[in-house]
Every structure is written in C-alpha cells, then in structure tokens.
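The values are calculated or read from the model by the stated rules, or taken from the named source; none is laboratory data. Worth saying up front: this structure is predicted, and the values here are computed from it rather than measured. No Cβ is skipped: glycine too gets one built from the backbone with ideal geometry, and neighbour counts run over all protein chains shown. Just so you know, the surface numbers come from the protein's heavy atoms only, side chains and all, with ligands and any DNA or RNA stripped out. Shrake-Rupley method; radii C 1.70, N 1.55, O 1.52, S 1.80 Å.
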Amino acid sequence: MLPEIIPNWHPVFVHFTIALFSVSTLLFILANFANLTYKEKLLNAAYINLWVGCLFTFGTIAMGFYAYNTVAHDEPSHAAMTDHKNWALVTAIFFLILTIWSVKLYKKDDKLNKLFMISLIVATTLLSVTGFKGGEAVYRYGLGVMSLPNTDSHKHNANESPGMHGDEKGHDMKPHSH
C-alpha cells in the first residue's frame, strides 16, 4: 500500500504519464528527420518512453479513480472532474492501442508508417486536452487542494514583482515566501 499523501497520488503518477508520452512523441518525430546514426537511438528511446508511459498510465488511471471517488467536490466541480475522467479514459485507451501497435512494429523491425505517426500526434493532442481539463479541475474548481489562500489577507503594491516584498515605491525589495 502506498503511504498517504495530501491529497492523493494521482498528481504524482500523471506527471510521469504526460512527460513520458510527450517525450516519446517528440522522439518519434525527431527520428523521422535524423540520419541513420541517430535514427535507431532515437527510435529506441521513443519506444522505451512510450512503453514506460503506458505502464505508468495504469497507476495514473487507478489513482485517478481513487481521487475521483474521494476528493471533496460540489456539482460544478463534479462535472469538471467527470469530463476530465472521460477524456483521460479515451486518451489512455488510445495510447494503449498505440503501445501494442508499437510493440508489433518493434518486433517486426518495421519502419514507422504515417498512420502510426498521425495516430501518435492525435493521441498526444488528446493528452494535452486531458491535462488541461485536469488542471482546470484543480485550479478553477479547487479539486484536491487542502485549502485556498485568503487573498484578502495579503496585497502586493503595483511596483512589486511576484514573490518580492518592497516599500510603496518598490525600493529595497527582499525575497519572501508565502
């Protein structure tokens, strides 16, 4: 059993999933333009990122369902959460199919075809939309956060840079943390 963290493990897993799939797509694209010396290395790295990303996705989905069923929410945030979940499931299935397809390509030592590349780009676009919707669920609806800051308790003056404290004219600025 995983140790309990606040709010849950979904944000940990999802960042690996997004990074691995995105890097995989980038490496597959770069391999199409690389000379023979680098093409094989780029393709091997792309395959590994895709396969490890798929493995992480199982944890991401499991932790996503846990979050879906445990985070405090109201009706608007439930709708946002459900929308994110639906996009995530479609995206995960798409990447699972691509992963199985890639294993077959790798075993046969086949060249990547245009349909695979287009499908990978579509899947990565779906991943971006899914990530955006997950971010909205957290940042727009406050899902999974312990509390929201009381913005009335702290004001910055107009000349102040974010993360800096200064006088009324912005002089003598010193870093501070919130």
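Could you tell me which residue of the stretch 104-163 is modelled with the highest pLDDT, considering only residues that are outside any helix (DSSP H, G or I) and among the small types (Gly, Ala, Ser)?
Gly142
Sort through Leu126, Leu43 and tell me the only one that's in contact (Cβ under 8 Å) with a residue 40 or more places away in the chain and either open to solvent by 80 Å² or more (accessible area, probe 1.4 Å) or on the phi < 0 side of the Ramachandran plot (or both).
Criteria check complete, one pass: Leu43.
Being in contact (Cβ under 8 Å) with a residue 12 or more places away in the chain and of a type outside the set (Gly, Ala, Ser) is the filter here, so list the residues in the stretch 107-123 that pass it.
Correct list: Leu112, Phe116, Met117, Leu120, Ile121, Val122.
State all residues of the stretch 34-53 that are out of contact with any Phe, Trp or Tyr (no Cβ under 6 Å at 6 or more places or on another chain) and within 16 Å of Leu127 (Cα to Cα); if no residue qualifies, say none.
Asn49, Leu50, Trp51, Val52, listed by residue number.
Return the total of residues in the stretch 53-65 being in contact with a helix residue (DSSP H, G or I) (Cβ under 7 Å, 6 or more places away or on another chain) and surrounded by fewer than 18 Cβ atoms within 10 Å (Cβ to Cβ).
So the answer is 1.
Looking at the stretch 15-63, which of its residues are over 14 Å from Leu98 (Cβ atoms) and of a type in the set (Gly, Ala, Ser)?
Passing the criteria: Ala19, Ala31, Ala34, Ala45, Gly59, Ala62.
Consider only pairs whose beta carbons are under 9 Å apart and that are at least six residues apart or on different chains; among these, list those whose first residue lies in the stretch 75-92 and is free of Cβ contacts under 8 Å to residues at least 24 places away in the same chain and whose second residue is loosely packed, with under 15 Cβ neighbours inside 10 Å.
Lys85/Phe65
Could you figure out which of (1) open to solvent by 80 Å² or more (accessible area, probe 1.4 Å); (2) modelled with pLDDT of 95 or more; (3) polar (S, T, N, Q) isn't true of Asn35?
Looking at each condition in turn, Asn35 falls short on (2).
Which residue, of Ser119, Ser77, Ser102, is under 19 Å from Asn8 (Cα atoms), among the hydroxyl-bearing types (Ser, Thr, Tyr) and surrounded by 14 or more Cβ atoms within 10 Å (Cβ to Cβ)?
After ruling out the rest, the residue left standing is Ser77.
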